[in-house]
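A.B. asks: Input: one structure, supplied below.
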Amino acid sequence: MDTLARISNNTPISCIHPFRSQSPHFPTSFAIIRVGRGSLTPIRASTTSTERGEVVLPPQRQDDKQLQKGIAEFYDESSSIWEDIWGDHMHHGFYDPDSTVSVSDHRAAQIRMIEESLRFASISEERTKWPKRIVDVGCGIGGSSRYLAEKFGATSVGITLSPVQAQRANALAAAQGLAQKVSFQVADALQQPFSDGQFDLVWSMESGEHMPDKTKFVGELARVAAPGGTIIIVTWCHRDLGPEEQSLQPWEQDLLKKICDAFYLPAWCSAADYIKLLRSLSLQDIKSEDWSRFVAPFWPAVIRSALTWKGLTSLLSSGQKTIKGALAMPLMIEGYKKGLIKFAIITCRKPE
């Protein structure tokens, strides 16, 4: 089924091939765009108009099921290696810019990433205002869920496409005495198995980049958020387009495609795209920031850990998908250094 989205016409949606509206049917402030699945996947600006002045964009052609299968298998293969070397938090750390850090510092930096995300989202430090029901969308092996549940005394549920991750996350919760508070299951973030308005805190730590339909992804985050609830999205983005740009440069598109192929990612979007989608849902207190400078030591450290004897032997025994992902890690460093890749945090609140 097609999805309706209200998107500001002041700035174009930008993906690897962005759509920039030039339709005379759009009103001056907002445009109603009927998009197929994968609205932020690469598209050309070829459209047809309806009698109501809507512009119909072609549906997504990518095989979402095949993408989901690849994502699940990638994390089935690689999660145990990551946990063995880096621990149970499968995300970037938050560092002081230009710092020199050790492996133990990296694990502390991953906790700091959680804390800085909560601070940026203005989560209250008053106990009476702490979130009590949390969903972790793209939970990995549950590091964030368990941390947040303990910090706030909350219940938390995590979802992942990887059966291996869900099983391991539940095992770790049980081992830490949190089985009554935290649970994990295999589920699709684009079709979450939760009722409307269920969670005070909707948490997505580095999962948005895997979502082929950003409109549906953001819609689901907003749907399951309780009135007054907070949504936190920390994700990889490409840079915002300049006012005169119609698309990313060809070399930028080529680099992102190589990364997509290695890490089972659909097309990238910008932080500005996320903001437009959140505004289209009338969410409040929307803000974002580029944290690229605070995560700069992360990928070089991952590469160094992979080049140790332990890392190399684990990697070689892991499987083809994990090895392919490891070989693409220098591309992430290149993308960051050239200003193409942005590590973005976007937060907002659902109206009461």
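The values are calculated or read from the model by the stated rules, or taken from the named source; none is laboratory data. Fair warning: this is a prediction, and the values are worked out from it, not measured in the lab. Neighbour counts are summed over all protein chains in view; Cβ atoms, including those assigned to glycine, are modelled from backbone coordinates with ideal geometry. These area figures cover heavy atoms from the full protein model, side chains too; ligands, DNA and RNA do not enter into them. Shrake-Rupley method; radii C 1.70, N 1.55, O 1.52, S 1.80 Å.
A.B. asks: So for each of 123-132, 199-208, 171-180 I average, over its residues, the number of other beta carbons within 10 Å; can you give me the resulting order with the highest mean first?
C.D. replies: 199-208, 171-180, 123-132
A.B. asks: Specify the inter-centroid distance of region 224-251 and region 280-331, based on alpha-carbon positions, in whole Å.
C.D. replies: 19 Å
A.B. asks: At 1.4 Å probe size, with every protein chain present, just tell me what the per residue accessible area of region 62-350 comes to in Å².
C.D. replies: Heavy-atom accessible area per residue stands at 42 Å².
A.B. asks: Compute the FRET efficiency between Gln185 and Glu115 as 1/(1 + (r/R0)^6), taking r as their Cβ-Cβ distance and R0 = 30 Å, and round to the nearest 0.05.
C.D. replies: That pair, Gln185 with Glu115, gives E of 0.70.
A.B. asks: Still on this structure, please answer the following. Quick one: which residues, 5 or more positions from Cys269 or on another chain, have an amide H under 5 Å from its amide H? H modelled 1.01 Å from N in the peptide plane, none for Pro or chain starts.
C.D. replies: Counting only residues 5 or more places away or on other chains, the set is His238.
A.B. asks: Could you state the orientation-averaged shadow area of the convex hull built on the Cα atoms of region 62-350, in nm² to one decimal?
C.D. replies: Quarter of the Cα hull surface area: 14.7 nm².
A.B. asks: Which length gain, in nm to one decimal place, applies between Lys324 and Ile303 when the Cα-Cα distance is subtracted from 0.36 nm times their residue separation?
C.D. replies: So the chain would gain 6.2 nm between Lys324 and Ile303.
A.B. asks: Give me the number: length gained by fully extending Gln246 to Glu126, i.e. 0.36 nm times residue separation minus the C-alpha to C-alpha distance, one decimal in nm.
C.D. replies: 38.6 nm
A.B. asks: If you take every DSSP beta bridge whose two residues both sit in region 62-350, what share of them, in percent to the nearest 5, is antiparallel?
C.D. replies: 40 percent
A.B. asks: State the percentage of accessible surface on region 62-350 attributable to carbon and sulfur atoms; use a 1.4 Å probe and exclude ligands, DNA and RNA.
C.D. replies: 54 percent
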